[in-house]
1. Work out how much length residue 149 to residue 15 would gain on full extension: take 0.36 nm times their residue separation and subtract the Cα-Cα distance, in nm to one decimal.
2. Kindly flag which residue pairs out of 253/475; 364/422; 28/422; 422/442; 232/544; 345/389 have an alpha-carbon separation exceeding 21 Å in this structure.
3. Between residue 471 and residue 653, what FRET efficiency follows from the Cβ-Cβ distance if R0 is 45 Å, with the result rounded to 0.05?
4. From the phi angles alone, apply the Karplus equation (6.51, -1.76, 1.60; θ = phi - 60°) to the range 74-82 and give each ³J(HN,Hα) in whole Hz, x where the residue is Gly or Pro.
5. For residue 617 and residue 597 in one chain, what is 0.36 nm times their gap in residues minus the Cα-Cα distance, to one decimal in nm?
6. Against the empirical 2.2 N^0.38 Å scaling, what ratio does the C-alpha Rg of the range 334-483 come to?
7. Would you give the gap between the C-alpha center of the range 532-585 and the C-alpha center of the range 333-367, rounded to a whole Å?
8. If you take the beta carbon distance between residue 330 and residue 417 as r and set R0 to 35 Å, what does 1/(1 + (r/R0)^6) give as a FRET efficiency, to the nearest 0.05?
Amino acid sequence: MPEAPRDVAHILIEDVHPSVDAGRWPAKRIAGRPCGVEAAILRDGHVNLRAVLLWRRADVEAWSEAPFACVEPGLDRWRGEFPLAAPGAHLFAIRAWTDLYGTWLDDLRRRVESGLQVRSEALEGAALLDRVAAGASGGDAGALKAASARLKGAADRPADALAAAADPALRKVVDRLQPRDDEVTTAPLRVYADRARALVGAWYELFPRSQGAVPGRASTLREAERRFPDLKKMGFDVLYLPPIHPIGTTHRKGKNNSLTAKPGEPGSPWAIGSPAGGHDAVAPELGTLRDFDHFVAEAARHGMEIALDFALQCSPDHPWVKTHPEWFYRRPDGSIKYAENPPKKYEDIYPLNFDSEDRAGLFKEIRRVLQVWIDHGVKIFRVDNPHTKPPGFWEWLIADIQAKHPDVLFLAEAFTRPPMMKALGKLGYTQSYTYFAWRTGKAELTAYLEELSRPPASEYFRPNFFINTPDILPKILVDGGRPAFRQRLVLAATLSPSYGIYSGYELNENAAIPHQAFPDDVEYADSEKYEIRVRDWDAPGNIKDLVARLNAIRRENPALQELSNLRFLTTSDDQLLAYVKRSGGNTLLVVVNLDVHRVREGMVDVPGAAIGLDEGAPYVVRDLLTDARYPWGGRNYVRLDPAVEPAHVFRVERPS
């Protein structure tokens, strides 16, 4: 027979939020905003409980306290919050104990209000005050002893006894000093606070070499800066560059991914490394590190920061191939194995072996390379194919970088299975690409956004809705043309706080060829990955004005700078997608025609609670795209022609 326990716990603290996998990983939040905490706190019997929220930065030893209050007594739900003043790792815990004096006082009050004598109860309370006084000092001890004497003297006068016991000044002293005999503290949980760009941003992907006006000649970084005024006018926050490093010549790919490059063809930027240098160098045709510093500074002057591609792979000409051949996979014949993704072959790329016997040396070198670019002003890295490297490597690397540079952000380019995408978010990635490019129907969009915008995913997975990439040309853009480009832009910019486009999107570029790996899909013809492009950035039919307007709307409306505030609405036509986002007094209501070929019309049901108004109350909406105003109510008619306007982006401005 097992031995009976000597101590029995009375208090349970359960269902603590935020928590990711029971505390295995940190929850993600934004610095400058308080972190809300919830929990259920239970105890046997009919007693009062007290609790506080403990918190500290990970690099600070002392804990601070914040209030933690019961907000739903019937469900034992408690809430509080603590500040996240700056980016970095934080810890929090919950401490709870029985409120001995408060429990006794509530019982005394009920007895007095019932007309009962309370002599015994008053003496019990005085004894508790004497116990608290024994552990106090100075003025506190004197005040507690005096209160005990008053309570004893009023023991036969119930009303006077209650008045003495309930004195607010006394309560403050007792609450601060009374014993916590059954105190319980949870194990610490982690929260990582990122800077605001981790959540909100409009991204633009740009090949620096394709920003010139001479066909076949790579533009330099200095020449590429000429695009900055145009990008600023369109309202982008982040300028993402594919690899800018020297490109190898061995097995260099030619136009349209041909196996042999013709003279003068530039090769793929992802085939990194040549005698001119590796991951820590700038391709000579683009310029120098000094030119890159100028590029970063000019981008900042135009209100943009640089995100740099971080691709852990090498050309056969990379310096590491000679200096550290042990960092690569070897075939039985001794040759280095190039990358493959059947039926695709990447003879111009050698993958790194993260299980190398010298993996410590490899990891140290990768860490050094990142530091080089951080020292040159890069605070955002878009990581190529992180799902093909060990998760434990990323957990170490990101934690080590952010411990020293908490403002550095990482975007995972991991188009892979959902569990791995989510795992990368848990172990440290700030943002992730998503399946948005392939979600076009109402049911799949709704289900996907409901998943991303609610716990548990919303605690650690931040989506970046890139609409297209050099590798991804969604078929809806090929089949739907300009109306589809406009519709997808509205969806990405209003559904997700972070979204992005690859350059050429604003020109409605959609020339396609069959995809090499997926027969039912397509990819870009004349891919910019393998050739230098020259474009007319003001070509007729461009949608730059819509890009600029949507990015301005995003900046002006806090409701679009959140994801968890998304609520979908019911419509009578399944090709009309309607949703609301609210933040404080800012409420936006978006209706999008998902049919890029036909006019769609129908009714949109808007519950009053969804927009913060009484049910049935009339109101006015202003379309932020056209400046038109309409009186609306609970049920409203909408007609959208994709050839004219693909969507309404309404702001609820005032009651009618």
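The values are calculated or read from the model by the stated rules, or taken from the named source; none is laboratory data. These numbers come from a predicted model, not from an experiment. Counting neighbours? That spans all protein chains shown, and the Cβs are built from the backbone with ideal geometry, glycine included. Please note that ligands, DNA and RNA were not included when accessible areas were found on the heavy atoms of the full protein model with its side chains. Shrake-Rupley method; radii C 1.70, N 1.55, O 1.52, S 1.80 Å.
1. Gain in length upon complete extension: 43.9 nm.
2. Details: 253/475 25 Å; 364/422 26 Å; 28/422 13 Å; 422/442 23 Å; 232/544 11 Å; 345/389 19 Å.
Among 253/475; 364/422; 28/422; 422/442; 232/544; 345/389, the Cα-Cα distance tops 21 Å for 253/475; 364/422; 422/442.
3. FRET efficiency, residue 471 to residue 653: 0.60.
4. Per-residue couplings from phi come out as x, 10, 6, 8, 10, 9, x, 8, 9 Hz.
5. Gain on extension, residue 617 to residue 597, equals 3.7 nm.
6. Numbers: Rg = 17.7 Å, N = 150, 2.2 N^0.38 = 14.8 Å.
Compared with the compact-globule rule of thumb, the range 334-483 sits at 1.20.
7. Cα centres, the range 532-585 to the range 333-367: 40 Å.
8. Plugging the Cβ-Cβ distance into 1/(1 + (r/R0)^6) gives 0.75.
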